[in-house]
């Protein structure tokens, strides 16, 4: 028995199959179909809904996913939300049950008239982001500012939380 006789599918023509005698071809077709379906599922997932674990609902057509950066220093937690093309009036920030909720809706209408043509475009989208607030935040001192399409939210730490920070020295082993 040679290697050509035990190879189940064609590798560079090592074995020549008859048209009716292809036992693994249907299996390979099914595996290829499964692979394509899994690729499609992951592609759909990364295009929108699952990129952020704190999304409260799946994305629908027209929804936005603004970029959120969260940082921390000794005095406060800082949240930066990128909202290009939006105004301060398009955004709503609320605090409820230890959760900071940022909502917004973007609407854009554009019309252009010229000799022999008329162009009208509309786009819209909405978002809602829910961010859990650490217990160590003084909720009465939270501030939000909107500047050039970026929302800045400062969440000051309580005095107790600031005192809890202890720097630990690192020694060589």
**Report entry** Candidate set from the stretch 68-89 (those that are part of a loop (DSSP other than H, G, I, E, B) and closer than 23 Å to residue 156 by Cβ); member that is modelled with the highest pLDDT
**Finding:** 83
Query raised in the report: What pairs come up if the first residue lies in the stretch 150-173 and is surrounded by 15 or more Cβ atoms within 10 Å (Cβ to Cβ), the second is part of a helix (DSSP H, G or I), and their beta carbons are under 7 Å apart, counting only those six or more places apart or on different chains?
Result: 156/141
Report summary line: Filtering the stretch 90-102 for residues that are touching a strand residue (DSSP E or B) at 6+ places or on another chain (Cβ under 7 Å) and either modelled with pLDDT of 85 or more or more than 16 Å from residue 154 (Cα to Cα) (or both) leaves a count of 9
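The values are calculated or read from the model by the stated rules, or taken from the named source; none is laboratory data. For clarity, every value in this text was computed on a predicted model and none was experimentally measured. Note: ideal-geometry Cβ built from the backbone for every residue, glycine included; neighbour counts use all protein chains shown.
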